[in-house]
Structures are given as structure tokens and as C-alpha cells.
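Values in this text are rule-based calculations from the coordinates and carry no lab data. Just so it is clear, the structure is predicted and the values come from calculations on it, not from any experiment. Note that we place each Cβ from the backbone using ideal geometry, even for glycine, and neighbour counts take in every protein chain shown.
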Amino acid sequence: MAYSSGKVAGALFFVAASQFVLGLIVAEALYSGYSVSENYISDLGVGPSSMIFNSSVFLMGLLLIIGTYFLQRAFNFKALTVLLVMTAIGAMGVGVFTENSGTIHHVVSLIAFLFGGLSAIFSFKLLRKPFSVIAVILGLMSLAALVLYGSSIFLGLGAGGMERMIVYPILVWGAGFGAALMAQPEKRTAEQKP
């Protein structure tokens, strides 16, 4: 059975977010003494679990770019396409330019964080309630956490914990967005109609 471009995009987004969540958990587990509160997420890219983390975050970006191609074919939503491509470029950049790379790492991380949150907000046009509202809330949570993080206000979570408050809502949205796209009914063509 041939699947619509929207369903293909959904599957790719779901896999992108899910494999990164699993890669993140494995990388944290393999990094002895790693603290989700005190260590930055990107510390995983230069530590003993760097191969897992860097390949997983790069793969997430790659799958996002491919998924965005199919999303654009399905919905022709240029604003969301640009936001998702920027998110993907940021994610792949994090995998290539580890925190030892200095300023460029901070730039690609900011790109991934900022455009990931904005992507969640803009996706509401393609979603049905209640998930359209949830997507906006998750995007706003991520952007609010980004502002707090940039202001060194960690709310007792530590730098690593606040950084996760930027990333986790985007990952939850990405998996949910993918699932929502996969769940959309197929449109019947003229040949398929009874």
C-alpha cells in the first residue's frame, strides 16, 4: 500500500524524536557520573558516550529534513517547512560541532532550540484539537525555558535540568506531531471512490 506524503512525514518525525530520546537515555547511562541536573546535554557529545549521542542527534536532524520534504509535499506550509529545516540544521550541527567547537556549537544549539519551539507553535494549523493546543503549549514551554536558561535562571533544576526543559517539550511534540500525521485518514482518489 502506498502511503500519503503526510503519513511518511509523520513516521519520519516520530522515529526522529523517539530514537533521539532513546539515544539520550543510553548515552546518559553509559557516562559514569553524569548528572542530568548539573551536566549539559552536549557534555554527552564529548564524553565516553559521544558516538551514541552525536550519531543520534545527527540522525534526528537528517530524518527531520527528509520528513519536512514530505510534509511540504503534503501540506505546502512554507513557514513550518522553513522552521523545521532550521531545527534540523541545528540538530545536525550539534552532532558535528560538539561543545569543544566553541561558539559554533552554541549557535547551532540555539538554532535547534529556538526553531524547535517555534515549529511546535506553528504546527497547530495542521493539527486537530486538543493536540493543536498542546503543541502550542509545548512550544511556549520550550521558548520560556530557553529565555530562563539564557538568563541563567535555572529554578533549582541546575543548568542541565533547565536545558532539558527546553529540549523535552520539543521531543514530546515531535513524537506527538508525527503520530498525529500518521493517524490522519488517507484521502481517497477518484479511482478509489466506490
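Considering only trypsin sites (Lys or Arg not before Pro) in DSSP loops that have at most 14 other Cβ atoms within 10 Å, the longest stretch of the chain without any of them is 1-127. Helix 5-30 axis versus longest C-alpha principal axis of the chain: approximately 20°, rounded to the nearest ten. Residues Met92, Met60, Met51, arranged from fewest to most other Cβ atoms within 10 angstrom of their Cβ, appear as Met51, Met92, Met60.
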